[in-house]
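The values are calculated or read from the model by the stated rules, or taken from the named source; none is laboratory data. This one's a predicted model, so the numbers in the text were calculated from it and none came from an experiment. Glycine also receives a Cβ, built like all others from the backbone with ideal geometry; neighbour counts cover every protein chain displayed. All accessible areas refer to the heavy atoms of the entire protein, side chains included, with ligands and DNA or RNA removed. Shrake-Rupley method; radii C 1.70, N 1.55, O 1.52, S 1.80 Å.
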Amino acid sequence: TLASLVALSTFAVVSVNTNKIDLTIIKTLGLSRLQTMFSLAVENVVIAVLGIGLGSGIGIWIALWVLGFLDLTPSGQPIVPPMVITYHVGLITTVLGSLVTAVVIGIGVAVLAERRLKAVDLLRIGQ
């Protein structure tokens, strides 16, 4: 989860730096800080939900597929007693909770990076 925190924070800063002219223009056109923060938050939440959802789904699918091969003997016969797959709900909850925390911190980093933008300088340079 530390890697996801670093990745989400880096993505947030890169996103703000890539779109700094756009963010400056929408601020100049009258969007409030709250509306700008909401825009950044929605962008990061959509990316996080897609990433966490797809990553979890694909990870569970691969795990169940691989674990399906573990209930066979070397000759291909089913083992006795059959294997029962269990989940540790507390661990899953902890991991998902830490990922949500990483998303919130990433949004905070994006908001801080956006606040450092100086509209006058950016509009004058036009980069």
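Worth a mention:
- The number of residues in the range 16-39 being at pLDDT below 80 and under 24 Å from T101 (Cβ atoms) comes to 2.
- Screening the candidates T93, T86 for the property of being open to solvent by 60 Å² or more (accessible area, probe 1.4 Å) and outside any helix (DSSP H, G or I) yields one hit, T86.
- Condition check for D71: at pLDDT below 80 and among the acidic types (D, E): no
- Pair list, Cβ under 7 Å, 6 or more apart: the range 6-29 residue without any contact (Cβ under 8 Å) to a residue 40 or more places away in the chain, other residue among the acidic types (D, E) and open to solvent by 70 Å² or more (accessible area, probe 1.4 Å): none
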